[in-house]
Amino acid sequence: MQRSPHRADRVPGHVVVIGGGIAGLAAAHRLLGTGLRVTLLEATGRLGGKLMTGEVAGVQVDLGAESTLARRPETVALARAVGLGDRLQPPATANASLWTRDALRPMPKGHVMGVPGDPSVLGDVLSAEGLARIAQERDLTSSAVGEDVAVGAYVADRLGREVVDRLVEPLLGGVYAGDAYRISMRAAVPQLFEVARQGGSLLDGVTRIQEQAAARQQSGPVFQGIDGGLGTLPGAVADAVRAGGGEILTETPVLGLTRNADGWTVRTDTRVITADGIVLATPAWSASTLLAAESPAASAELAGVEYASMALVTMAFRRSDVTGSKAFDGRSGFLVPPVDGHTIKAATFSTHKWQWVSDAAPDLFVLRTSVGRYGEEDHLHREDGELVDVSLSDLAAATGLAAKPVASGVTRWIGGLPQYPVGHLGRVARIRDEVAKLPALRVCGAVYDGVGIPACIASAQRAADEIVRDMSGEDRASTGEIIATSTLVQGTRSEAGQ
């Protein structure tokens, strides 16, 4: 089916963005810079997806994602473009630990997602047997990886299961809430996948990665947050979209999506909207439903994407009840290997990690724990009070904390994180190939190019750029240049307070 032509005397083309998470908001923001009309539809009453702030004991805190990788530019650039540049803030401390083998142990330095180049950095995290197993790695023959391989399976084959169970698993779990023995190396840790494809020693390959990183001499913080919470970013982007003439409708679930001779028809429970282009920025299950009629093949692929659910337990203590414990001193928190059999998978000492949290509540100590991994949804059916109690029990075992919180809150993220099993990138390629057959429709979000915030924003900007190219007939390079220039101008105006 051919897309309808756009004449110079027509009103600007209209793009409907379906989904009001950070990807949908970023796509809308990008599209508005090109002069298109934009309508964003969000099924719930809240924008931001997995970015959200709330209050515990009167203190505003993040109840979803709290930091973003600053070595990728997308989140920082978007924050600056919408006027939050002066509120970007790196962690006050990033001194994390591992709670493993019944003790809090320093997180080793010099590794790539838990895989070391120099085994001596592992300190007392691994047993003598685990270290001896690593020492055999350079004597092993190369392992074939084919088109993809599970991170855990490959690393265990080269370095032993202990490296996976006590280092790789908790680090990957902190990102994907998944199982390292299922997660795709090609999708989740592409640097390691390239090393694996080259063959030879994994230890030597990690050393090369580290040397290349050092040669780039990247400066500045690795991570950034926002004073007041990363969850304030969606609201700022939404304000910028509205100020640019975009329309945002919440509590407006999309019930149907149809292609016709003149473009697209979007059916909600209250109205029918016509559009020249569509950006689908929804979870896989929703995108699957909406594409079932127009692209059955893409719909089927999307229906196969699995998700992990988790809960965040945020607690505020009297600072005097916490500061006497040396277990908290200088730490930003700790990760927990699942092999140790505890319920929580991580704890973040927000008062230590974020200066703005400390300043907002000088008499309180705020921390949060996370519960739930792929396949462990049973924990999420517990009552809030039970999740608080089990978190306190684990915290007591890890740190000796005996105090009760003055306030607490539980946030459940059901279906919060898409899983990236072996073959995931092949699935994504097939989805995009099928979707590309539909004129002026693209998909974006955490399913496709990474679950981190910069990756979600990048996928949104890619989708927006391709929509503009489809609708304008211009080539990729010129479209990207136009959009990049528009975004830069918007950012300069926002930073200047104009």
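The values are calculated or read from the model by the stated rules, or taken from the named source; none is laboratory data. Bear in mind that the values here come from a model prediction, so they are computed numbers and not experimental data. Please note: Cβ atoms are built from the backbone with ideal geometry, for glycine as well, and neighbour counts cover all protein chains shown. Heads up: the accessible areas ignore ligands, DNA and RNA and are worked out on the full protein's heavy atoms, side chains in. Shrake-Rupley method; radii C 1.70, N 1.55, O 1.52, S 1.80 Å.
Observations, loosely collected:
- Only one of the listed residues (I248, I273, I226, I209) is of a type outside the set (S, T, Y) and modelled with pLDDT under 95. That residue is I209.
- The selection criterion, being over 24 Å from G450 (Cβ atoms), open to solvent by 20 Å² or more (accessible area, probe 1.4 Å) and in contact (Cβ under 8 Å) with a residue 60 or more places away in the chain, holds for D204.
- Cβ-Cβ distances below 8 Å connect the following pairs, each with a first residue in the stretch 323-340 that is under 19 Å from Q355 (Cα atoms), a second residue that is of a type in the set (V, I, T) and assigned to a strand (DSSP E or B), and a separation of six or more residues or different chains: S332/T348; G333/T348.
- Considering only residues in the stretch 20-51 that are among the small types (G, A, S) and more than 13 Å from I457 (Cα to Cα), the one that is surrounded by the fewest Cβ atoms within 10 Å (Cβ to Cβ) turns out to be G45.
- Only one of V390, V406 that is under 30 Å from S325 (Cα atoms), surrounded by fewer than 20 Cβ atoms within 10 Å (Cβ to Cβ), among the hydrophobic types (A, V, I, L, M, F, W, C) and free of Cβ contacts under 8 Å to residues at least 60 places away in the same chain: V390
- Note on the stretch 175-253: enclosed helices (runs of 4 or more DSSP H) holding 1 or more residues that are closer than 30 Å to V17 by Cα and either of a type in the set (D, E, K, R) or touching a strand residue (DSSP E or B) at 6+ places or on another chain (Cβ under 8 Å) (or both) are 185-188, 233-243.
- Scanning the stretch 222-243 for residues that are open to solvent by 50 Å² or more (accessible area, probe 1.4 Å) and in contact (Cβ under 8 Å) with a residue 24 or more places away in the chain turns up V222, F223, D227, D239.
- Filtered residues of the stretch 280-298 (kept if more than 17 Å from D449 (Cβ to Cβ) and open to solvent by 10 Å² or more (accessible area, probe 1.4 Å)): W285, S286, S288, T289, L290, A292, A293, E294, P296, A297
- Wholly within the stretch 313-383, helices (runs of 4 or more DSSP H) carrying at least 3 residues that are surrounded by fewer than 18 Cβ atoms within 10 Å (Cβ to Cβ): 319-322, 355-360
- In the stretch 139-161, the residues that are part of a helix (DSSP H, G or I), in contact with a Gly (Cβ under 9 Å, 6 or more places away or on another chain) and surrounded by fewer than 21 Cβ atoms within 10 Å (Cβ to Cβ): R161
- Residues satisfying the stated conditions in the stretch 402-435, i.e. basic (K, R) and in a strand (DSSP E or B): R412
- Residue match in the stretch 78-92 (condition: part of a strand (DSSP E or B), out of contact with any Asp or Glu (no Cβ under 9 Å at 6 or more places or on another chain) and aliphatic (A, V, I, L, M)): no
- Counted residues, the stretch 261-271 - those being part of a strand (DSSP E or B), open to solvent by 10 Å² or more (accessible area, probe 1.4 Å) and within 13 Å of H14 (Cβ to Cβ): 1
- Of all residues in the stretch 22-79, those satisfying the criterion of being under 20 Å from the mean Cα position of the chain (by Cα), among the small types (G, A, S) and over 26 Å from S472 (Cβ atoms) are G48, G49, G54, G64, A65, S67, A70, A79.
- Scanning the stretch 170-199 for residues that are open to solvent by less than 30 Å² (accessible area, probe 1.4 Å) and within 23 Å of L140 (Cα to Cα) gives A180, S184, M185, V189, L192, F193, V195, A196, G199.
- The residue that is farthest from V175 (Cα to Cα), counting only those in the stretch 108-138 that are touching a residue at least 40 places away in the same chain (Cβ under 8 Å), open to solvent by 50 Å² or more (accessible area, probe 1.4 Å) and not in a loop (DSSP other than H, G, I, E, B), is R138.
- Screening Q60 on (1) open to solvent by 40 Å² or more (accessible area, probe 1.4 Å); (2) within 28 Å of I414 (Cβ to Cβ); (3) part of a loop (DSSP other than H, G, I, E, B); (4) not small (G, A, S) shows it passes everything except condition (3).
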